[in-house]
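A quick write-up on the structure given underneath.
The values are calculated or read from the model by the stated rules, or taken from the named source; none is laboratory data. Given the structure is predicted, the values throughout are model-derived calculations rather than measurements. Don't worry about glycine lacking a Cβ; one is built from the backbone with ideal geometry, like all the others, and counts go over all protein chains shown.
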Amino acid sequence: KLAKLAQALAERPALRLDVIGRADPASDLDGLRQAGLDNALRAQKLKALIARGEEAPSLDDIEVGADEYPALLEKAYKAADIKKPRNLVGLVKDIPAADMEALLRASVSASEAELRALAQRRAQAVREWMIAQGGIPGERIFVLEPKVEPVAEGGQVQFSLR
């Protein structure tokens, strides 16, 4: 779709493109919560790297392998400031990994501002693609105010030509 849009803009130099990023509170909330869980796991790995005296990359550059996932999940769960299930004596119960994931995901708060920022990043990504790959000058592409609302079929970015 973007390639066709870039071609149409290239053929009509007088046209300008407005780009509006959108975020759906229902569907995007799960993605933001998963990203929060992923960041918690990366943070635990970063702590371990620093404790071993290794060079600390940025959080976004850290990858969690399948072999280290269970241990990092347990560390993230233990470190999280969330209400954990307890046994009769009052000690924190051991729970399955799926339950730990669910509790950690549920603890991630995703505000209206975070949904708005997600919508803005989507629009900005389209703008950058149109400039870099589409060859459209940046002064012809305008990123407008993002929208946080239920999104009907058709995508997470809205375009209008003027």
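Let's see how each residue does on (1) over 15 Å from Gly31 (Cβ atoms); (2) part of a loop (DSSP other than H, G, I, E, B); (3) in contact with a Leu (Cβ under 7 Å, 6 or more places away or on another chain):
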| site | (1), (2), (3) |
| --- | --- |
| Ile95 | yes, yes, no |
| Glu101 | no, no, yes |
| Arg105 | no, no, yes |
| Ala117 | no, no, no |
| Ala123 | yes, no, no |
| Arg127 | yes, no, no |
| Ile131 | yes, no, no |
| Phe159 | yes, no, yes |
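The set of residues in region 45-72 that are surrounded by 10 or more Cβ atoms within 10 Å (Cβ to Cβ) and under 18 Å from Ala98 (Cα atoms) comprises Val64, Glu68, Tyr69, Pro70, Ala71, Leu72.
Do the conditions hold for Ile20, that is, is it in a loop (DSSP other than H, G, I, E, B) and in contact with a Phe, Trp or Tyr (Cβ under 9 Å, 6 or more places away or on another chain)? No; evaluated as a whole, the condition is false for this residue.
Set side by side, the residues Ala79, Ala119, Ala125 differ, and just one is out of contact with any Asp or Glu (no Cβ under 8 Å at 6 or more places or on another chain), buried (at least 17 other Cβ atoms within 10 Å of the Cβ) and under 23 Å from Arg33 (Cβ atoms), which is Ala119. Could you tell me whether region 48-55 includes any residue that is modelled with pLDDT under 90, closer than 27 Å to Leu118 by Cβ and either part of a loop (DSSP other than H, G, I, E, B) or in contact with a strand residue (DSSP E or B) (Cβ under 9 Å, 6 or more places away or on another chain) (or both)? Taking every residue of region 48-55 in turn, none turns out to be modelled with pLDDT under 90, closer than 27 Å to Leu118 by Cβ and either part of a loop (DSSP other than H, G, I, E, B) or in contact with a strand residue (DSSP E or B) (Cβ under 9 Å, 6 or more places away or on another chain) (or both). None of Asp99, Asp94 is among the acidic types (Asp, Glu) and either in contact with a Phe, Trp or Tyr (Cβ under 9 Å, 6 or more places away or on another chain) or at pLDDT 90 or above (or both) except Asp99. Filtering region 2-39 to residues that are basic (Lys, Arg), more than 18 Å from Ala106 (Cα to Cα) and either in contact (Cβ under 8 Å) with a residue 60 or more places away in the chain or touching a Leu at 6+ places or on another chain (Cβ under 6 Å) (or both) leaves Arg16, Arg22. When residues in region 78-91 are screened for being touching a residue at least 12 places away in the same chain (Cβ under 8 Å) and of a type in the set (A, V, I, L, M), 3 of them pass. For Ala117, the criteria (1) at pLDDT 95 or above; (2) within 13 Å of Ala23 (Cβ to Cβ) hold in every case but one, which is (1). Just the residues that are surrounded by fewer than 16 Cβ atoms within 10 Å (Cβ to Cβ), outside any helix (DSSP H, G or I) and of a type in the set (Gly, Ala, Ser), please, taken from region 133-144. If the condition is that a residue be surrounded by fewer than 16 Cβ atoms within 10 Å (Cβ to Cβ), outside any helix (DSSP H, G or I) and of a type in the set (Gly, Ala, Ser), then Gly135 is the only one that fits.
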